[in-house]
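A short reminder: the numbers here are calculations on the coordinates, not readings from a lab. Treat the numbers as computed from the prediction; the structure is a model and nothing was measured. Here the Cβ positions follow ideal geometry from the backbone for every residue, glycine too, while neighbour counts run over all protein chains shown.
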Amino acid sequence: MRKFNGEAAKAVEAGKKIYHLNIGQPDIRTPAAFYDALKAFDQPVLAYAPSGGVPELLDAVRGYYARIGVTLERAQILPTTGGSEALQMTMATLLDDGDELLVPEPYYPNYHTSVTLAGATVHPITTSPEEGYRYAVRERVEAEITERTRAILISNPGNPTGAVLSADELKLMLDIAKEHDLFIICDEVYREFVYGGEPLMSALQFPGYEDNVIVIDSVSKRFSACGARVGMLISKNRDFMAQAMKWCQCRLCSATVDQVASAALYGLDPSYFDEVREEYKARRDTLMRCLKKIPGVVCQEPKGAFYVMAALPIDDADTFQHWLLSDFDDNGDTVMFACGEPFYSTPGMGKNEVRMAYTINCADLERSMEILAAAIERYNAAH
């Protein structure tokens, strides 16, 4: 997502305007409640927070989950430095050298980073844009389980695909994990962003899987507060949480002030999400309408999150992106996306695919697709 930042800086210096579709940084205003809590923080000493989190944040998170029918104890929640640290702690706690983590691909590339640091490897379940990146089929998943498989990791709604599991599909994944005595790690940081009228859904809502389910959560995308760096590691498995707490104690604590301010976010009325969801839905619809006008593009309408994964009619997305920044402009404008190949473990996959984030406004999305269409035509003529 950040690979071409150096080239982008040079393009800007050369006078180009870049439309950024490469990173999931929302432009939605962070709720005022966060800043109000920051201003109200007046403790005489900015002290370490407890390793297990400040009580007001833990209770605010419990209240949020209670509204979707999930009862949690404080000890079942560990605040982390963003969802990224929650992932790192999970992999370090679960995985040993030689272990495998089963992950549908394409997937968020930092999954691979956390798994590799733990000495394990990603074992992919390969999907494709032609099939809408679907994977929740028993025979398909079970065929990839080996004696080294330790856990399954899913993103729901999906980053980068925008795929959303139905309740039946999620339950199937939970069943497979339980039957094979595996953990199932559910990255749910985009939970609110579903566009078909579905109710909010979490793996924690399904009884009988308490020892298997680990949830990764975050304030970053949900509340457009990426810079707060507050995530959550949540599980009802006591042994897992006891081991994860050792990692929390090792890094002492998450930032005290950010935790206090984030507690105010979890107390927002659920109606806050209605307007945000409608805005993202309008952006998705705009992007899809424009993409469908570009000959040769293969993509499926994302059902959630705020990304589109698409196969472009080009030979290599990496080469194309370099060319967009160094050799191309359309009336002084160009565009950035995230190249698709790093979202896969299988060699050769994703070479002509890109992930685009619809985190910019509809007018800018329309303009960026005009640029992309012109760029594809000129690139293919030159190559």
Exercise for review: In whole Hz, with x marking every Gly and Pro, tabulate ³J(HN,Hα) for the stretch 77-82 from phi via Karplus 6.51 cos²θ - 1.76 cosθ + 1.60, θ = phi - 60°.
Suggested key: 10, 10, x, 9, 7, x
Check your understanding: Can you work out the FRET efficiency for the pair GLU7 and GLU366, with r the C-beta to C-beta distance and R0 = 35 Å, to the nearest 0.05?
Key -> 0.90
Check your understanding: In degrees, nearest 10, range 0 to 90: what is the angle between the Cα axis of helix 317-326 and the longest Cα principal axis of the chain?
Key -> 70 degrees
**Study point:** Using a Förster distance of 45 Å, the FRET efficiency for LYS39-LYS171 (Cβ separation, nearest 0.05)
**Key:** 0.55
Check your understanding: At a Förster radius of 56 Å, what calculated FRET efficiency corresponds to the Cβ-Cβ distance of LEU46 and GLU179, to the nearest 0.05?
Key -> 0.70
**Study point:** Full-extension gain in nm, ARG251 to ARG29, via 0.36 nm per residue minus C-alpha separation
**Key:** 76.9 nm
Practice item. Tell me, rounded to the nearest percent, the portion of alpha carbon pairs in the chain spaced more than 27 Å apart. Key: 50 percent
Study note, to complete from the structure: A correct fewest-to-most ranking of ARG229, ARG74 by other Cβ atoms within 10 Å would be ARG74, ARG229
Review point. Can you give the Rg to Rh ratio of the stretch 59-184, both from alpha-carbon atoms, with Rh computed by the Kirkwood formula?
Key: 0.97
Point to revise | Folded to 0 to 90 degrees: helix 238-250 orientation relative to the chain principal axis, Cα | key: 70 degrees
Point to revise | Ranked THR30, THR127, criterion: other C-beta atoms within 10 Å, fewest first | key: THR30, THR127
Revision key, fill the gap. Of all DSSP beta bridges with both partners in the chain, the antiparallel percent, nearest 5, is 50 percent
Check your understanding: Suppose every K and R has +1 on its Cβ and every D and E has -1 on its Cβ; what is the size of the dipole of the chain about the Cα centre, in Debye to the nearest 20?
Key -> 620 debye
Review point. Amide H of THR80: which non-local residues (sequence gap of 5 or more, or other chain) have their own amide H closer than 5 Å, using H built in the peptide plane?
Key: GLY231, MET232, LEU233
